[in-house]
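First the structure, in the form of C-alpha cells, and then the observations on it.
Computed from the coordinates by the stated procedures, all read-outs in this text should not be read as laboratory data. Keep in mind the model is a prediction, meaning the values are calculated, not measured. With ideal geometry, Cβ positions are generated from the backbone for all residues, glycine too; neighbour counts draw on all protein chains shown.
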Amino acid sequence: MILKYKSKNIAFMICLLFFTGCLFFAQEPIKTPAEKAHYSEYTQHQAIARFLSHLAEISGNLKVRVVGRTLAREEYSSKDLLLCIITEEGVSSPVDLNRSKPTFYIVGAKHGNEQSAKEASLMLIRDLTVGELQTLLHKVNFLILPAANPYGNWFDVRQNEQDLDLNRDQVKLESPESEAINRVFREWMPEATMDVHEKGDDFYQVSIGCVSNPNIDASLQEFSRDVLLSEVNHKLKEKNITFYEYLVRQRMGIDSSAGVNYSEDDRGTREFMMRYSTTDLNDGRNSPGIYESLSFIQEGASRHDLETLGERTHYQYYGLRFMAERIGEHGKEIISLVRGLRKKLLQKAGEYSEDDLVHLRMKYVRDEKEPFIKINRFVRTERPILGLLKEDKKAGDPLTYGDVVPYSRASDRKIEEVVVTNWFPKVSPTKSVIRPLAYLIPSQFGDVIDTLVKHRIKVDVFIEDCFLDAQVYTITDIAEAEYDYLPPQKISMEEKEMNTVAKQGDFYVTCAQEGANLIPCLLEPESQYGLIRYWKYQLVPEKGDVFPFYRVIKKQELPLVPYVPWKR
C-alpha cells in the first residue's frame, strides 16, 4: 500500500512539473528575429515575413497587407512591401477603421543602412499584438511598414534598387516603395505619422523633428513641440536616453535637404549653420504634414555597425513607444486638432480669397529671442576614457573603484558643450501667391498628371472644347538651376487674366480637395518645391514663354468628367 501511494504521488508530481513547464514555455515572450540572433545579424525580408506570419496567426489584432512590390534586379529579386494594420477590432481596410481613435502611421528603414529603424518597428509590432502594449489599442490604431527598403537592407546601403533615395522621392514618387508609402497614407489618412531613421554617432540618442513648412498650420508644430515632444523627452530621461529635437547642420547657402549632389566647388569653405530639419515636401515628414497631419521624423544615433545594433534598437524602440503612448493619451485633442484643420482647409480652398495664401519660397532665419543654442556633442580624445568620477577629487587624493562610474559611451569620445551662434530656428516665407480655385493643365503633360494621380489628387478631364477665364504667367526673366532637384536660380513673370480655350483632353485640377496645400506647391512655377525643379518634367520655360499651367480663379460651369487612369 505504501509503495502504491508513493507511485501515485510521484506520477502526480511528474504531471505537475510537465504542465508547469508547458505553461512556462507558452508564456515565454516571442522574440524578434534580431533578438533570436542576439543582434548578430540584420533582419532580412524572409525573416520579417515569417515573424509577421507568426504574430498574425496568434493575434486577432494584426492584419498584414501587401501594399507594393520592389523592382527585380539581377542581384536581388523583387520583394513584397508588408504593411501591418494593428487595431483593437482587427480590421483590414480603411472603411472599417474605428475613427473615434487617432491612427498612427510608422515607416521604418527607408534608408536601407539605417537598420535599427526596422528592428525597433518589429519590436513595437510584437508588443502591440501579443505583448505589454496591447491595451494601447484601446486608444490608438496603428499602421506600421517596418521595412520600406528591402534591397537597401540586404546590401546595407542607403538607396533602393533604382539607386534612389526614398526620402527624397516623396514628390516624384518614382520608386514603387515611395508610391506605396504615399498610397497607404492617402488611403487611411492617419492623424499622425513617424518616419524612422538613423543619423551619425551623436550625443543625443533619440532626436525627433516635427513639421516645419509654413503651409502647414502653425498649431500642429506648437502642439508637437510643446506637448508631445516635451512629454516624450521626459519619458526618455527616465530611461537614461538622451533626447533633443532633431537638428540639421549644413553649409550656409546650401539646402542639403533637397537631395542635390553638390560638387566640392559648390560646397567650398562656407560656414556651417544649424536649423530644425527641413521645409521640403519631398521627405517623409512634411509630405504627409502638408495634409495638416502631426508628422514626425525620428533619428537614432548610430555608428552603423552590428556591435551596437542591440543598443540603438533599444532607444529607437522607446522613442517610438513613448510617442505612441503620448498620442494615445492626447487622442481626443489630436482628432479635434487635425480633423478640424483639414475641414477648415477644404472650406478655404473652395472659395477664392486674397487672404488665402500659399507659400512657395522661404528661408531659414534667426530668432532675436533665441540668438544661440547650447548643445552637447562628442569630441575625440587622445587617450581612452576609463570612467567618470562620482565627486571631485584633488591631485594626490586616493582613488578607489567605488569613486568611479563606468563610462557608457565609446572610450575614445568625450562630451563637451558647444554654443551654436549660426542658429536659424525660424522659417520666413519670401514668395507667396493666392491659392487659385483650380489649374488648367494641357493634355501633353501626361507625366505631370501621372504624378498627381500617384498622390491621389483628384483630376478631371475636359470632354469638349470650351472657353474659360484664367490667369496666365508670361516669363520675363529666368536663370536655370545648375542641378536637378533645384528650382530655377531666378524666375520672374507678368501675370494677366484672359479668356482662353480649354481643349478636349486637357486636365483640370481643383484645389478644393484634401491636397489643397500640395497642389499649388507642385504646380506654381516659382515654387521651390514644385515639379519645375525636376528635370524629368521639362517644365523650365524660356524668357518670353507663357507658363503652360493656367490658374482658374472664377467659378464656371465646365464640361468635365473625372479622369480615370485605366490600368490592366
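Quick notes on this one:
- Between the helical axis of 45-58 and the longest alpha-carbon principal axis of the chain there is an angle of about 70 degrees.
- Counting DSSP beta bridges with both ends in the chain, the antiparallel % (nearest 5): 75 percent
- The three principal axes of the C-alpha atoms in the stretch 46-135 carry coordinate ranges of 45, 28, 24 Å, sorted with the longest axis first.
- Averaging 1/r over each pair of different alpha-carbon atoms in the stretch 233-377 and inverting the result gives 18.9 Å, the Kirkwood hydrodynamic radius.
- Based on the Stokes-Einstein relation at 4 °C and a viscosity of 1.567 mPa s, and on the Kirkwood radius from alpha carbon pairs, the stretch 434-562 is assigned a translational diffusion coefficient of 87 µm²/s.
- Checked against a 30 Å cut-off, the cross-linked pairs K31/K414; K110/K503; K36/K454; K172/K344 give Cα-Cα distances beyond that limit for K31/K414; K110/K503; K36/K454.
- The modelled label-to-label distance for the pair I30/V91, using points 7 Å beyond Cα in the direction of Cβ, is 2.2 nm.
- Least to most buried among F296, F547 (fewest other Cβ within 10 Å first): F547, F296
- Protection-proxy order for peptides 155-166, 470-481, 193-204, 494-505, each taking the mean of Cβ atoms within 10 Å per residue, highest first: 193-204, 155-166, 470-481, 494-505
- For a modelled paramagnetic label at S428, 7 Å from Cα along Cα-to-Cβ, no residue of the stretch 278-293 is in reach, as no backbone nitrogen comes under 11 Å.
- Protection proxy ranking of 420-432, 124-136 - average other beta-carbon atoms within 10 Å, highest first: 124-136, 420-432
- Sequence of S92, S277, S353 once ranked by neighbouring C-beta atoms within 10 Å, starting from the fewest: S353, S92, S277
- Taking label points 7 Å from Cα along the Cα-to-Cβ direction, E271 and V227 give a separation of 3.8 nm.
- Under 19 Å from K426, Cα to Cα: lysines that are on another chain or at least 8 residues apart: K363, K369, K374
- Acute angle (nearest 10 degrees) that the helix 2-27 long axis makes with the longest principal axis of the chain, alpha-carbon atoms: 20 degrees
- Rg followed by Dmax, in Å, when the stretch 516-565 is reduced to its Cα trace: 13.4, 35
- Where labels lie 7 Å past Cα in the beta-carbon direction, separation of T135 and S336 in nm: 2.5 nm
- Extension gain, S78 to T500: 0.36 nm times the residue separation minus the Cα-Cα distance gives 147.2 nm.
- The angle between the Cα long axis of helix 331-349 and the longest principal axis of the Cα atoms of the chain comes to about 10 degrees, rounded to the nearest 10.
- Helix-derived mean residue ellipticity, 222 nm - over the chain, DSSP H n ≥ 4, -39500 (n - 2.57), to 500: -8500 deg cm²/dmol
- Taking other C-beta atoms within 10 Å as the exposure proxy, H455, H138 rank H138, H455 from fewest upward.
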